[in-house]
Amino acid sequence: MRALDALLPDCILVEGPPESEGLLQAVVAEGMQPPVALLSYCPDEPPLAVYHPFAEFSPEWQAIQWAVLHAVPVRLIDLPMANGLALQKARRQADKACPKPASAETPTAPDHRDDASEEAGALANQTARDDDRTGDPLNWLANAAGYADGESWWNHMVEERGDGEQLFAAVAEAMTALRADWGEQRDDPQESQREVLREAHMRQCLREAQKTGAERIAVVCGAWHLPALQTSATMKADQALLKGLPRVKVQSTWVPWTYRHLTRSSGYGAGIVSPGWYEHLWRSQHLPQLRTVGWLARVAQRMRERDLDCSSAHLIEATRLADALAAMRERPAAGLEELQEATRSVFAMGDDSLLHFIADELVVGDRLGSVPADVPTVPLQRDVEQAQKTLRLKPEARQRTLDLDLRNSNDLARSHLLHRLRLLDVHWGELAKVGRSHGTFHEVWVLQWQPEFLLQLIEASQWGQTLVQAAAAWVIDQVGRVSDLAELAALVDRVLLADLDATVPAVTQALQSRAALTGDVLQLLATLPPLANVFRYGNVRQTDAAMVAQVLDGLIVRTAIAMPLACRSVDDAAAQSLREKLLAAHTAVALRQGQEETQAWRQALQQIASSPHTSQLLQGVAVRLLLDDAVWSVEQVAQAMSFELSMGAEPGKAAAWLEGFLNRNALVLLHDMRVWQLIDEWLVGLREEHFVCVLPLVRRTFSTFSASERSDLAQRAGQGRVVTAMPKPLAGWNEERAALPLPFLRQLLGVK
């Protein structure tokens, strides 16, 4: 800013996408709060996009803001995104046609060390060795000066020093020498050619500005480009380079950004490891004496918020230590390295684990920018933003937990919004709990807004102009694409949770039609749990779940008919897969509570349990389920167990039956007296030679239990074989008294 005030330029050229020049006036508009980013994308292929982020301390941001406030012409001079995205598209197509081996891929060298990024994920940092010209060229300068990497060197030599205008000449000299030694050719020829085109276009823009009569032109660009702008390349040569470049249609807009996305690890990095620290430097530049104290005071505040010990004495000692370290290292003031060491030594007593949150909240920061309401957006984005405002769901960069009570109309609408966004693959919220400790009328979400969600909304706008329209159109499209019954059943659940009742008939009809044609029992079994959940909990979430009841009933009957045959003559792997789906489907049938459906299901289980051709693992599972449902008596189960685990039974098959019966559940033996007594009586009744034969299979089954469970079983066995008789139910049954708590239970469960 001081350099601009001194030069008073009559034209400012900034490295950035030229298509976005019409948006630059918004930098001073009300509601514009960095960090933000210019998003350039191809409307025909929204995933083909580039972000150019800006923070408050970005030189480009300050230059654009200065130009707008002083009414000075400002132009963006990078290679047009119409050409850049077309080249990117062509490269993707070429890589897809002829993929490179993983070992041949090398990171590309960054072209500048300022605070604006080039392309999402296009830059990477790698520490360079003296004989290695891959990665970041600034690492050469950093290694020569004794720094670990180019980022720390730039932080100390440029950001923290603040030498003013004299710094420009020093940076220009360093970059010229570095670029001459490094060379123009990179490991990636395509990336090298792209850099040549970018710099040719920058030189052309500089020539055009000179032709307009501008005499004091300020160019704000990455330091790496400076030697290329001062080269003696001719206009004719640059025109020849830029002639005939491919183009695509491009649109641009401002989008909110986060400091976390400015970091190198975000995939959209600008090479800024410490954006929160740079913001602190920028805001304390006029009061350098507060740099150290102000930073440590913020650290102390964060510690006190977490009830960690941090007194005024700690703050004073940490300040003294940071200043002393800076003096020992001959630095004009304490930098981030000294402040981190002082924090670790004084505040945390050498324990880094206590201060990880300092790196997240202060060094990086959790700031989320904002843009004015009148910036260009697609109607779908506007609809989502209006819903967020109406429902008081503010997008935040920090992760937070949201507990929704679905009996409340506002919370129910919030749930619908989050579920609709998830249908469009915008995972603003991740569902943490559903109907567990908080009851069936609660949903617990973990929310964290990501800037790339806006690009996903732009991409999803092809489905509709409102969220309801887009989500419904996406569902209808999926109905025609999905052939797996389990996916269709899950889609019914997702549609009802999103309150898209208009699409439910199409999904259920597709599910019913495809179920009628399939003979795959595994698919049929997998469809039952999601549909049963819809039917069981639909009324709680105020959705019309009755429309899926007919489909669910038909699927239960079809599955019950086909299941006994599917369980015959299967190998161990298939039996294990069937076991898991069988148990889940059994729970689904219990949730349905349909008399005819339950009867058909239990008949199928009895056929499985009694058939000699069925897998012993599945036989054991079926017997256990029949015992739990009181369909088979203890005597019937004891008879089946005696037969399957007899002396003449093959040990492997006997082990599989026992494994299925116990169902990998030690708690059954500990708390179900009937099962304990059955196993106990069977073991005690074995002859010695039979016991020796079955011991390995029993150990195999019990080995699936944890050490603590086996210990509890041993303790239970040590108590002897005395089993307390279960109390008999009382003779009378007073229906009037039994009905008294029903109104309260309905109110508690949210059921009318």
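Taken per residue, the accessible surface of region 356-461 reaches 44 Å², heavy atoms only and a 1.4 Å probe. Remark on L48: its backbone amide H falls under 5 Å from those of C42, a criterion applied only to residues 5 or more positions apart or on other chains, H modelled at 1.01 Å from N.
Helices in the chain, meaning DSSP H runs of at least 4 residues, each add -39500 (n - 2.57). Divided by all residues, the mean residue ellipticity at 222 nm is -16000 deg cm²/dmol. What a 1.4 Å probe finds exposed on region 385-516 is 47% carbon and sulfur by accessible area, rounded to a whole percent. The HN-Hα couplings worked out from phi for region 173-182 by the Karplus form 6.51 cos²θ - 1.76 cosθ + 1.60 (θ = phi - 60°) are 5, 5, 5, 5, 5, 5, 5, 5, 7, 6 Hz, whole numbers, x standing for Gly and Pro.
In straight-distance terms, cross-link reach from K394 covers every one of the aspartates and glutamates whose alpha-carbon lies under 13 Å from its own, apart from those fewer than eight places away in the same chain; here that gives E385. Measuring only protein heavy atoms, the 1.4 Å probe finds V72 accessible over about 20 Å². For region 335-344, backbone phi angles converted through the Karplus equation (6.51, -1.76, 1.60; θ = phi - 60°) give residue-by-residue couplings of x, 4, 4, 5, 5, 5, 5, 5, 4, 5 Hz, Gly and Pro being listed as x.
Counting other C-beta atoms within 10 Å, and keeping those with at most 10, which DSSP coil trypsin sites (Lys or Arg not before Pro) do you find in region 358-400?
Values: sites: R367, R382, K389, R392, R398, R400; in loops: R367, R392, R398.
Sparse-neighbourhood loop trypsin sites (Lys or Arg not before Pro): R392.
Residue separation of Q509 and S703 scaled by 0.36 nm, minus their Cα-Cα distance, works out to 65.2 nm of gained length. Rounded to the nearest Hz, the phi-derived 3J(HN,Hα) couplings of region 395-407 under the Karplus curve 6.51 cos²θ - 1.76 cosθ + 1.60 (θ = phi - 60°) are x, 9, 6, 7, 6, 9, 9, 10, 9, 9, 9, 6, 7, where x marks glycine and proline. Taking every C-alpha pair closer than 8 Å and separated by at least 6 residues, the mean separation divided by the residue count of the chain gives a relative contact order of 10 percent. Our note on the geometry: Cα centres of region 1-40 and region 621-644, 77 Å apart.
Remark on L368: its backbone amide H falls under 5 Å from those of A397, a criterion applied only to residues 5 or more positions apart or on other chains, H modelled at 1.01 Å from N. Shown here for region 280-336: GluC sites (Glu not before Pro) in loop regions (DSSP other than H, G, I, E, B) with at most 15 other Cβ atoms within 10 Å, namely E330. Counting only residues at least eight positions apart within a chain, or on another chain, the aspartates and glutamates with an alpha carbon under 20 Å from that of K211 are D10, E15, E21, D78, E199, D238. Given the C-alpha centroids of region 445-462 and region 398-417, what is the distance between them in whole angstrom? About 18 Å separates the Cα centre of region 445-462 from the one of region 398-417.
Take 272-280, 34-42 and order them by the average number of nearby Cβ atoms within 10 Å per residue, most first; the result is 34-42, 272-280. Put simply, the amide H of W632, placed in the peptide plane, has neighbours under 5 Å in L627, leaving out anything fewer than 5 places away on its chain.
The values are calculated or read from the model by the stated rules, or taken from the named source; none is laboratory data. Because the structure is predicted, anything quoted here is derived from the model rather than measured. Cβ atoms come from the backbone with ideal geometry, glycine included; neighbour counts cover every protein chain shown. Ligands, DNA and RNA are excluded from the accessible area calculation, which covers all protein heavy atoms including side chains. Shrake-Rupley method; radii C 1.70, N 1.55, O 1.52, S 1.80 Å.
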